């Protein structure tokens, strides 16, 4: 199905915004060691600067999902871009740990709005093969952002440790473009019916649980996204700490490895809809798990700057298969009138994974070293692959 010119313009704005949801954490990856030194904090605390916004997204996303269901995705999308720019850019003028964490709270609120609105915009503006392609582009944009923004962050970080925070301001002009290009997707979206807001909380909880009972596959989909993001941020947070072991220490050089991870994900996501014509979603996700096992396993043994590129490429290829599969499954299983709510849970689970990643893996570093973290991640991916295979066999 072809996409009209106006819908194509909207798609490119959506794609550009999708790169920002990744930039929220990825642009700071190359400067983790410098943040640690400049603020005088531990590696785990420096990692929290990257992932703290994720904790806010976990809490804010369900609220944003309900808002999107009431008023449509356009206005939360546009407003979220402005909040994102202000919250992220504030780090440019902050030089102490606690205020910087607070600015990441504001960033998290903006990211939650943008992330959820993007998903519902795609569901409502496109359909059929066009939607599958748009989801692939969205995931490809995420991966492209994971490739480009670390390079920008690494280059900016070579000038000043806090200069990468200034890049967040790019969301403000994008918000102005969105005002002109993103259409309302629902008649009467400005008013909404208010049913979700006026319903008693226990009734809403019961209704939500009823959906999970009717669609038991939803929870494994969310857990898949949680795990994928936890493993992704094991790369973002701990690979820069590992690379000095193979002679890579500058922020710009580190950014090349994170960029390779994102580029690989962009390649697999860009061809996702074509791969889907050859294999089912479960098969593609199974392939991703195997790529992750191989990638993390390789990270435990690589010894040169060149071979250290292999693990991040393998992991990135898997990400480009898992992310669009997750969004497509949610669109398939969630009630049509509650897409905002259930797509918001994707963000909540994903950013929970990002937020908890340094807390889960960080304590392992003193015990088994950074390479040991990757060994544990390889085992986790292997267990997930076996669980998927067993579930597929039963279904």
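Output the residue which, of all residues in region 181-206 that are assigned to a helix (DSSP H, G or I) and modelled with pLDDT of 80 or more, is farthest from residue 75 (Cα to Cα). So the residue we want is 206.
Considered as a group, the residues in region 68-91 that are assigned to a helix (DSSP H, G or I) and at pLDDT below 90 include one that is surrounded by the most Cβ atoms within 10 Å (Cβ to Cβ), and that residue is 68. The criterion of being free of Cβ contacts under 8 Å to residues at least 40 places away in the same chain and part of a helix (DSSP H, G or I) holds for residue 99. In the condition set (1) surrounded by fewer than 17 Cβ atoms within 10 Å (Cβ to Cβ); (2) modelled with pLDDT of 85 or more; (3) more than 19 Å from the chain's Cα centre (by Cα), residue 175 is compliant with all but (1).
Suppose the filter is assigned to a helix (DSSP H, G or I), out of contact with any helix residue (DSSP H, G or I) (no Cβ under 7 Å at 6 or more places or on another chain), closer than 28 Å to residue 133 by Cβ and without any contact (Cβ under 8 Å) to a residue 12 or more places away in the chain; does residue 278 pass it?
Details: assigned to a helix (DSSP H, G or I): no; out of contact with any helix residue (DSSP H, G or I) (no Cβ under 7 Å at 6 or more places or on another chain): yes; closer than 28 Å to residue 133 by Cβ: yes; without any contact (Cβ under 8 Å) to a residue 12 or more places away in the chain: yes.
When the stated conditions are applied, residue 278 does not pass them.
Against the definition (surrounded by fewer than 24 Cβ atoms within 10 Å (Cβ to Cβ), more than 22 Å from residue 323 (Cβ to Cβ), at pLDDT 90 or above and touching a helix residue (DSSP H, G or I) at 6+ places or on another chain (Cβ under 8 Å)), how does residue 94 come out, yes or no?
Working: surrounded by fewer than 24 Cβ atoms within 10 Å (Cβ to Cβ): yes; more than 22 Å from residue 323 (Cβ to Cβ): yes; at pLDDT 90 or above: no; touching a helix residue (DSSP H, G or I) at 6+ places or on another chain (Cβ under 8 Å): yes.
Criteria not met by residue 94.
Taking the stated definitions as given, is residue 327 surrounded by 24 or more Cβ atoms within 10 Å (Cβ to Cβ), over 14 Å from residue 227 (Cα atoms) and out of contact with any strand residue (DSSP E or B) (no Cβ under 7 Å at 6 or more places or on another chain)? Judged against the criteria, residue 327 is a match. Scanning region 250-265 for residues that are modelled with pLDDT of 85 or more and closer than 19 Å to residue 21 by Cβ turns up 261, 263, 264, 265.
Quick one: which residue in 333, 342 is within 27 Å of residue 271 (Cα to Cα), over 15 Å from the mean Cα position of the chain (by Cα) and surrounded by fewer than 18 Cβ atoms within 10 Å (Cβ to Cβ)? I'd like the intermediate steps shown before the answer.
Values: 342 fails: surrounded by fewer than 18 Cβ atoms within 10 Å (Cβ to Cβ).
Step by step, each of 333, 342 is checked, and only 333 is within 27 Å of residue 271 (Cα to Cα), over 15 Å from the mean Cα position of the chain (by Cα) and surrounded by fewer than 18 Cβ atoms within 10 Å (Cβ to Cβ).
Has region 136-144 got any residue that is touching a residue at least 40 places away in the same chain (Cβ under 8 Å), more than 27 Å from residue 74 (Cα to Cα) and either surrounded by fewer than 22 Cβ atoms within 10 Å (Cβ to Cβ) or over 13 Å from the mean Cα position of the chain (by Cα) (or both)? So far as region 136-144 goes, no, none of its residues is touching a residue at least 40 places away in the same chain (Cβ under 8 Å), more than 27 Å from residue 74 (Cα to Cα) and either surrounded by fewer than 22 Cβ atoms within 10 Å (Cβ to Cβ) or over 13 Å from the mean Cα position of the chain (by Cα) (or both).
Of the residues in region 10-43, how many are farther than 23 Å from residue 106 by Cβ and modelled with pLDDT of 85 or more? Residues in region 10-43 being farther than 23 Å from residue 106 by Cβ and modelled with pLDDT of 85 or more: 4 in total. Considering each residue of region 23-32 in turn, none proves to be in contact with a helix residue (DSSP H, G or I) (Cβ under 8 Å, 6 or more places away or on another chain), surrounded by fewer than 22 Cβ atoms within 10 Å (Cβ to Cβ), assigned to a helix (DSSP H, G or I) and in contact (Cβ under 8 Å) with a residue 12 or more places away in the chain. Scanning region 225-250 for residues that are part of a helix (DSSP H, G or I) and surrounded by fewer than 24 Cβ atoms within 10 Å (Cβ to Cβ) yields 226, 227, 230, 241, 242, 243, 244, 245, 246.
Mind telling me which of the residues 307, 352 ends up being assigned to a loop (DSSP other than H, G, I, E, B) and surrounded by fewer than 23 Cβ atoms within 10 Å (Cβ to Cβ)? Show your work before the answer.
Details: 352 fails: assigned to a loop (DSSP other than H, G, I, E, B).
Selected residue: 307, the only one of 307, 352 that is assigned to a loop (DSSP other than H, G, I, E, B) and surrounded by fewer than 23 Cβ atoms within 10 Å (Cβ to Cβ).
The values are calculated or read from the model by the stated rules, or taken from the named source; none is laboratory data. Source: prediction; values computed, not measured. Counting neighbours? That spans all protein chains shown, and the Cβs are built from the backbone with ideal geometry, glycine included.
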